[in-house]
Amino acid sequence: MEDVTTSGRASWFQATARQRVEGLLDPNSFTEFLGPSERVQSPHLHLFDLPSAFDDGVVIGRGKLDGKDVLVAAQEGQFMGGTFAEVSGAKLVGLVRAARDHRNLPQTVLLLMDSGGVRLQEANAGELAVAELMRAIVQARCAGVAVIALVGGRAGAFGGAGLTTATCSRVGVSEQGRIAVSGPEVIETNKGVEEFNAEDKALVWSTDGGKNRRLLGGADAFAEDSMEGFRAAAKALMAKVPAFDLKTMQAEQERLAARQKRFGACDDAVSMWRILGIKEPEAIRDMDSKEFTELANSIKECNHDAR
Amino acid sequence: MQTLRFRHTAKRRLSGKKDEAIIGVVASGNLEVLLERVLPEAACEVDIATPLSGYDETWKAVVAEFVERSSPGGLRISINDGGARPDTVYLRLMQGSALMEAE
């Protein structure tokens, strides 16, 4: 019997981390490392009278995508906001370091990001984990490993998860996926509602959401919100991972400098889309993923060799 | 945190070959249920960790009803609760035993 929660049409946004891993990889190809029965849980949460999770909210392991061997990690956005903490962070760091150090392991790592950032109850360990993970990703990329972030969960990729995503070789995102460092509420609290109104969901999604990230070149593939959609995006990204060398770094620096120069004066996403030469930028929000993908693929800025 | 343990003798061993299954997520109003086939034939143990205290009798009744209905002999069941309602707990337990019964 087919499981509706992991079938190709099932929503990525609604799914749990385990369902995403199941739906993304080839059937029955996944082997988990440090599975729930090993009970590698947070040593801190009980001190706060908070429930732990058997996997501390991160699922790691190996499997196949379209026949190709991959390592995979998935954050559970519903558990404590998918946060980076001592154990969940160590699982991510360990997986990427393993790819870095062992040529016999798959040399592609898929990171299914779904996190609001660092877990406040274990903040020091969480911040360290983010720094260690970013360092491990850079080292792994230097060693020739492709690290690909896929963003489309309920918690988005904020704080350390946004930084981690930006450190990857390639990024795939769905319309529901949001990528940023400071979340909308954080910006509003610190800078005032005139700066960013976190209640205005259309504003939040047009700024942090997947369509804007794709159009500005912050993501390299746009995925439909389904298992099939993310499978297709991951396959496409795995096929064109840039070398991580001086040339790529310089290209990335130039890309970001040009982007700041071009859009620096804009105060919303629609005006940036207009500068990109999109005739009806207001129509972007209502475009279906097929139409939007075609548009994004036709714009030069969205399709670069940097990262 | 409150921890509860219930020991039951089920009518029979739960069918199926799966050694382990997990269902649900620790989130508000939800829970995760880990099922492991590690006990003798008819034995069943349910361990619960919940942040809410004072619902011992409710847990006891839901677990007893589940054991009666699905006869989960041989299973150790561990629960991390996020404040789930009894109907959600019952649903997850039934989903979990169905996963263990799958061939």
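Here is the figure for the stretch B:38-97: residues that are under 9 Å from the mean Cα position of the chain (by Cα) and acidic (Asp, Glu) total 2.
Restricting the stretch A:119-135 to residues that are crowded, with 24+ Cβ neighbours inside 10 Å and more than 15 Å from the chain's Cα centre (by Cα) leaves a set whose member that is farthest from A:ALA243 (Cα to Cα) is A:GLU122.
Checking each residue in the stretch A:195-214 for being of a type in the set (Lys, Arg) and either under 17 Å from the mean Cα position of the chain (by Cα) or closer than 16 Å to A:CYS266 by Cα (or both) picks out A:LYS211, A:ARG213, A:ARG214. When each of A:ALA251, A:ALA198, A:ALA202, A:ALA233 is tested for being closer than 22 Å to A:ASP305 by Cα, out of contact with any His (no Cβ under 9 Å at 6 or more places or on another chain) and small (Gly, Ala, Ser), the lone residue that passes is A:ALA233.
Counting just the residues of the stretch B:1-36 that are part of a strand (DSSP E or B) and out of contact with any helix residue (DSSP H, G or I) (no Cβ under 7 Å at 6 or more places or on another chain), which one comes out nearest to B:ARG92 (Cα to Cα)?
Ranking the candidates gives B:GLU32 first.
For A:VAL87, the conditions (1) among the hydrophobic types (A, V, I, L, M, F, W, C); (2) in a strand (DSSP E or B); (3) within 14 Å of chain B (Cβ to nearest Cβ) all hold with the exception of (2). Taken over the stretch B:44-103, the criterion of being over 27 Å from A:ASP49 (Cα atoms), in a loop (DSSP other than H, G, I, E, B) and in contact with a helix residue (DSSP H, G or I) (Cβ under 8 Å, 6 or more places away or on another chain) is satisfied by B:PRO72 alone. Evaluation of A:ALA99 against the conditions (1) at the interface with chain B (Cβ under 10 Å from one of its Cβ atoms); (2) crowded, with 22+ Cβ neighbours inside 10 Å shows that the sole unmet condition is (1). Of the residues making up the stretch A:18-52, those that are out of contact with any helix residue (DSSP H, G or I) (no Cβ under 8 Å at 6 or more places or on another chain), surrounded by 20 or more Cβ atoms within 10 Å (Cβ to Cβ) and facing another protein chain (nearest Cβ under 8 Å) number 2. Count of the stretch B:79-91 residues, restricted to those that are of a type outside the set (Val, Ile, Thr) and surrounded by fewer than 20 Cβ atoms within 10 Å (Cβ to Cβ), is 6. In the condition set (1) surrounded by 16 or more Cβ atoms within 10 Å (Cβ to Cβ); (2) within 21 Å of the chain's Cα centre (by Cα); (3) more than 18 Å from A:ALA202 (Cβ to Cβ), A:ALA269 is compliant with all but (3). Assessment of the stretch A:62-71 against the conditions (assigned to a helix (DSSP H, G or I) and more than 13 Å from chain B (Cβ to nearest Cβ)) yields no matching residue.
A:ASN104 passes every criterion in (1) in a helix (DSSP H, G or I); (2) more than 28 Å from B:GLN95 (Cα to Cα) apart from (1).
Counting only residues that are outside any loop (DSSP other than H, G, I, E, B) and free of Cβ contacts under 8 Å to residues at least 60 places away in the same chain, the stretch A:249-272 holds 16 of them. Among the residues making up the stretch A:112-152, those that are in contact (Cβ under 8 Å) with a residue 12 or more places away in the chain and of a type in the set (Lys, Arg) are A:ARG119, A:ARG141.
If we scan the stretch B:4-21, do we find a residue that is modelled with pLDDT of 95 or more, within 12 Å of the chain's Cα centre (by Cα) and within 25 Å of A:ALA17 (Cβ to Cβ)? Checked the stretch B:4-21: at least one residue is modelled with pLDDT of 95 or more, within 12 Å of the chain's Cα centre (by Cα) and within 25 Å of A:ALA17 (Cβ to Cβ). For A:LEU215, the conditions (1) in contact with a Cys (Cβ under 7 Å, 6 or more places away or on another chain); (2) surrounded by fewer than 23 Cβ atoms within 10 Å (Cβ to Cβ) all hold with the exception of (2).
Residues are listed down the side, and each one gets a yes or a no for (1) part of a loop (DSSP other than H, G, I, E, B); (2) acidic (Asp, Glu); (3) under 18 Å from A:ALA74 (Cα atoms):
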site: A:GLU122; (1), (2), (3): no, yes, no
site: A:VAL130; (1), (2), (3): no, no, yes
site: A:ALA136; (1), (2), (3): no, no, yes
site: A:GLY162; (1), (2), (3): no, no, yes
site: A:ALA166; (1), (2), (3): no, no, yes
site: A:GLY172; (1), (2), (3): no, no, yes
site: A:VAL181; (1), (2), (3): yes, no, no
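In the stretch B:1-55, the qualifying residues are those that are at the interface with another protein chain (Cβ under 8 Å from one of its Cβ atoms) and of a type in the set (Asp, Glu), and the one that is surrounded by the fewest Cβ atoms within 10 Å (Cβ to Cβ) is B:GLU20.
The values are calculated or read from the model by the stated rules, or taken from the named source; none is laboratory data. Fair warning: this is a prediction, and the values are worked out from it, not measured in the lab. Neighbour counts run over all protein chains shown; Cβ positions are idealised from the backbone, glycine included.
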